[in-house]
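The values are calculated or read from the model by the stated rules, or taken from the named source; none is laboratory data. Keep in mind it's a predicted model, so treat the numbers as computed, not measured. So basically every Cβ, Gly included, is an ideal-geometry build from the backbone, and we count neighbours across all protein chains shown.
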Amino acid sequence: MSEQIKVDVTIVGGGIAGCAAAVALREAGMTVALLDKGLCGAGASGVNFGGVRQQGRDVAELPLARRARPLWERLNDRLGEDVEFHASGHLKIARSDTEMAELERYAAVAAEFGLHLQLLGTNALRAELPWLGEGVVGGSLCAEDGHANPRLVGPAFARLARRLGADLREHTEATSAAPTGTGFETRSAELAIDSRFLVNCAGVGAGRVAAWFGEDVPLTPQVPNMIVTEPLPFFITRSIGVCGGGVYLRQIARGNAILGGGAGWGDATATRSRPLTEVSLAAMTKSLAIVPGLAGAHVIRTWAGIDGQMPDHIPVIGWSSTTPNLVHAFGFSGHGFQLGPVVGEIIAELIVQGRSASPLAPFAIERFTTASPVARPISVAIEE
Amino acid sequence: MRAAEALARAGLKPILFDEAERPGGQIYRQPPTAAGHTASTIYGFEARKAEAVHRVLHDCGDRVDYRPKTLVWNLFGRRLDLLTGDGHATQSFDRLILATGAMDRTLPFAGWTLPGVFTLGGAQIALKAQGVAIGRRVAFVGAGPLLPLVTHQYAKAGVEVVAALDATPFSAKVAQVRGLLAAPSTFAKGLWYTARNRVRGVGIRNGVRALRVEGGERVEALVWRDASGTEHRVECDAVGASFGLRAEAQLADLAGCRFAFAAELRQWMPERTPEGRSSIPEVYLAGDGARIGGADVAELQGARTALALLEDLGRGVDRGAVARLDRALARQARFRHALDAAYPFPRHLVDAIGDAEIVCRCEGITAGTLRQAARDREAGEVNRAKALTRVGMGRCQGRVCGEAAAELVAQASGRELERVGRLRGQPPVKPIPIVVAAQ
Amino acid sequence: MAALFHRLVDRRGEPVPFTIDGEPASAQRGDLLITALLLQRTTLRRFEFGPAHRAGFCLMAACQDCWVLLADGRRVRACSTVVEPGMAVLVEGDGPG
């Protein structure tokens, strides 16, 4: 016999966005139930590179990323634990004049959104970062970008949500959800939840949930391939990316260097993933070119995970196109970490106030689900 | 090696990857080639067996493709990733036998990270492979048959053994005598070591509770409580301490083999039929790398597993040999069952771990941090505990701390050990140099 | 400095000269690096996350406690590396990086 509960909002998916939404909704006085098929924060939220980054995003995301940035500053106090956010600065490297021109163009666009990027030539870079390898012609530095520990953030949001009275159910996969006359019924193996609102932030599983409501979206699995070294003396003072994406690396205060780039292996059901040797070796080679000082290091672990990606590499955020009171927030395409806390706030805004303070038009699900999808302007350089 | 030998005899040409420079694994570990001499008299009773095992490959000649100094660091599908002297290489396979052996089963205790504390296995390897002792005044602590053996070997070599402490009760051994007689010669050897130890004045103290190593920069003394609760202190300059063995099953994990929890051993191990088959059709498991059985069992299993593999390939096998091996293995299993019960896992030592003690040697994570995560941060599963506390994130990837971490999480969260789970592995199974990518 | 290990079997092997933090030292041919070091000192390396030192633990390439830094920037596992003439081990130095 199923357990039956009734709440204002059901959230499917306990990543950072879902748990942050649960927190914001509880603070607004709504009752909340959240389901996750495993442990909260163990999906894409927990296995990513950990970049807390505004630079390099599609312009559509910049307002959200700008809004998210001050949340990271206050996150430890909010969550009641240290999630190891460090504003190391994010340096995007150019290895050719063409790439440098691209960085210059993006810097001009970013400035319109209030994101200040500092363009640096070879000499300035080498003076500050003598450990950079050959072939770097310049870079773009976002001094206020940085990184945090992805394994800590999601679980900390989940615990805060629980403390605030959200009903979080882990190891509880949503098996169905459907509109009722007055809202939604969401089911798992042993639970039936009756709610007024439904939030779909189910990561790579969100496409399945959207399909329950007649919204077929081209969400595909994306498997980040990650590498970590043994602890080394600290010397990589900035979080590093390259123009065009392909490899990214950072070093934490404890000394481990984290490298990423390329895609690992995921199975057809998007439940299992593994790092791929050729991909790991390629990322290691690229990292050595950028930071030759890593040459004496050993790799001690590689891992992969599964994120959800959209063809235009920006997420779906906003109301369902078919069903009232259903909010979608998925498809973060490998760069949802920095946005997670603000997406939670936005989900709550939509439900509590009926609208968001942030511009969500580019993220509308209609761009995939309507018969003549709205054409989007060509986006600015995206990466990772 | 017995598996390779059996396959070679059947006309196959197996490739034998060995991380070490010379065959023998750890139990029959040989000194480096550069040392210029072969197995010493330190092997004692086992010298004949050691020599026989060392000769296997020599006798097989080019019927076995032996690849020493080759680390298999990953397995994906039917492909192995190798680290050799020349860098990265791969090897695909139709069938794979994993005989990856075991390492000491370790538990934290106060002072265990001081220079001069080694595992019992480490103390033995120093003797066998290098002809050195880990100290001049050595104390040993154990919970298995390795304790009387290493004590005997050190004492025989003239080292002053100031204490030999068994964390398991004497009564457990008495209760298992009948079962232990299933392997009478092994049992007799055990008695012999015990007797010789006593004659030398290094009688093993049973039922030891709580231990603590004292010292500033290195081991200076060992303090323990005996079965009656009395505290003892002995000055020493080295300690060899470990509590049984655990299978090195990382490659079986990467192969996707199903693991099962053995409640009586409080350990997870890959599922293995008596013939050596795993849950993955192409992958076979032999020796301590699947379940601790000891050297004799490993030789029998190696041969038996090869025969199972040959059968699966559609080859005829000597049914008489199969039957003999199965009978010997069954007898050994009865012995092993009794031995495991004679040396039950010393859970009381887990209770004795103070909050300030380091559990994860690589990362310096304390028991207090782990307990707090289990109690207050909902880390009731060991991989979540790892994510939140960093336990198991160091170079050894949980080999040394994993079992103790699970015990502490179980204790602090009030969950059954089985529900706490086991640390999931990812490649590489051991550290690989980043420059291998560029070679 | 005091030592941890001591020889029971003197192989009388060829002497292998090497250095520890720049100071000359000697081992015997066939010595593993961990043996070469611990026959004359009690530590192999500084522990990264506290004031302590480490000196190895399992001697079978499992625990990963005995990694040492060489002056040429290489890191090697002392219990699975045979000492070679001219090896320059850094115990107290941070080395390149």
* Inspect all residues belonging to the stretch B:54-68 and state whether any of them is over 17 Å from B:Ala4 (Cβ atoms), away from chain C (no Cβ under 14 Å), within 23 Å of the chain's Cα centre (by Cα) and at pLDDT below 90. => no
* Asked: Out of curiosity, is C:Ala27 within 11 Å of chain B (Cβ to nearest Cβ) and aliphatic (A, V, I, L, M)?
  -> yes
* Odd one out for A:Glu134, checked against (1) surrounded by fewer than 16 Cβ atoms within 10 Å (Cβ to Cβ); (2) assigned by TED's automatic domain parsing to the domain that holds A:Leu198; (3) in contact (Cβ under 8 Å) with a residue 12 or more places away in the chain -> (2)
* To do: Would you mind telling me which numbered condition in (1) within 14 Å of chain C (Cβ to nearest Cβ); (2) under 23 Å from B:Ala410 (Cα atoms) B:Gly240 fails?
  => (2)
* Single residue of the stretch B:75-87 satisfying the filter (more than 17 Å from B:Asp18 (Cβ to Cβ) and touching a strand residue (DSSP E or B) at 6+ places or on another chain (Cβ under 7 Å)) that is surrounded by the most Cβ atoms within 10 Å (Cβ to Cβ) -> B:Phe76
* To do: Restricting attention to the stretch C:77-97, report how many residues are surrounded by fewer than 18 Cβ atoms within 10 Å (Cβ to Cβ) and at pLDDT 95 or above.
  => 4
* Which residues, counting only those in the stretch B:364-402, are within 14 Å of chain C (Cβ to nearest Cβ), touching a helix residue (DSSP H, G or I) at 6+ places or on another chain (Cβ under 7 Å) and touching a residue at least 24 places away in the same chain (Cβ under 8 Å)? -> B:Ile365, B:Thr389, B:Val391, B:Gly392, B:Met393
* Could you say whether any residue in the stretch B:225-243 is out of contact with any strand residue (DSSP E or B) (no Cβ under 6 Å at 6 or more places or on another chain) and crowded, with 18+ Cβ neighbours inside 10 Å? -> yes
* Could you list, in sequence order, all residues of the stretch B:345-363 that are part of a loop (DSSP other than H, G, I, E, B), more than 14 Å from chain C (Cβ to nearest Cβ), crowded, with 16+ Cβ neighbours inside 10 Å and touching a helix residue (DSSP H, G or I) at 6+ places or on another chain (Cβ under 6 Å)? => B:Ile353
* For the stretch B:123-133, what are the residues that are in contact (Cβ under 8 Å) with a residue 12 or more places away in the chain and not in a strand (DSSP E or B)? -> B:Ala123, B:Gln124, B:Ile125, B:Leu127, B:Lys128, B:Ala129, B:Gln130, B:Gly131
* strands (runs of 3 or more DSSP E) contained entirely in the stretch A:142-217, each with at least 2 residues that are within 17 Å of A:Leu34 (Cα to Cα) and within 14 Å of another protein chain (Cβ to nearest Cβ) -> A:167-169
* strands (runs of 3 or more DSSP E) wholly inside the stretch B:257-336 containing at least 1 residues that are at pLDDT below 95 and surrounded by 23 or more Cβ atoms within 10 Å (Cβ to Cβ) -> none
* Asked: Is the stretch B:152-169 home to any residue that is in contact with an Asp or Glu (Cβ under 6 Å, 6 or more places away or on another chain) and basic (Lys, Arg)?
  -> no
* Structure fact -> Selection from the stretch A:105-120 of residues without any contact (Cβ under 8 Å) to a residue 40 or more places away in the chain, more than 20 Å from A:Ile290 (Cα to Cα) and crowded, with 18+ Cβ neighbours inside 10 Å yields A:Ala107
* **Residues of the stretch A:72-104 satisfying the condition of being aliphatic (A, V, I, L, M) and free of Cβ contacts under 8 Å to residues at least 24 places away in the same chain** => A:Ala101
* Output for the stretch A:229-243, where each listed residue is in a strand (DSSP E or B), polar (S, T, N, Q) and within 14 Å of chain C (Cβ to nearest Cβ) -> A:Thr229
* Unmet requirement for C:Leu32, which otherwise passes all of (1) in contact with a strand residue (DSSP E or B) (Cβ under 7 Å, 6 or more places away or on another chain); (2) more than 7 Å from chain B (Cβ to nearest Cβ) -> (2)
* Structure fact -> Of (1) under 20 Å from A:Pro150 (Cβ atoms); (2) among the aliphatic types (A, V, I, L, M); (3) within 13 Å of chain B (Cβ to nearest Cβ), A:Leu276 satisfies every one except (1)
* Matching residues in the stretch B:256-277 - criterion: being over 18 Å from B:Ala306 (Cβ atoms) and in contact (Cβ under 8 Å) with a residue 40 or more places away in the chain -> B:Phe259, B:Phe261, B:Ala263, B:Glu264, B:Leu265, B:Arg266, B:Gln267, B:Trp268
* Asked: Out of B:Val223, B:Val234, which single residue is assigned by TED's automatic domain parsing to the domain that holds B:His152, touching a residue at least 40 places away in the same chain (Cβ under 8 Å) and assigned to a strand (DSSP E or B)?
  -> B:Val234
* **Residues within the stretch A:218-228 that are assigned to a loop (DSSP other than H, G, I, E, B) and crowded, with 19+ Cβ neighbours inside 10 Å, tallied** => 2
* Asked: With respect to A:Gly266, is the statement that it is touching a Pro at 6+ places or on another chain (Cβ under 9 Å) and within 11 Å of chain B (Cβ to nearest Cβ) true?
  -> no
* To do: Hey, can you tell me all the residues within the stretch B:134-149 that are surrounded by fewer than 24 Cβ atoms within 10 Å (Cβ to Cβ) and either at the interface with chain C (Cβ under 9 Å from one of its Cβ atoms) or assigned to a helix (DSSP H, G or I) (or both)?
  => B:Arg136, B:Leu149
* Positions within the stretch B:406-439 being closer than 30 Å to B:Asp376 by Cα, touching a Lys or Arg at 6+ places or on another chain (Cβ under 7 Å) and facing chain A (nearest Cβ under 10 Å), in sequence order -> B:Gln426
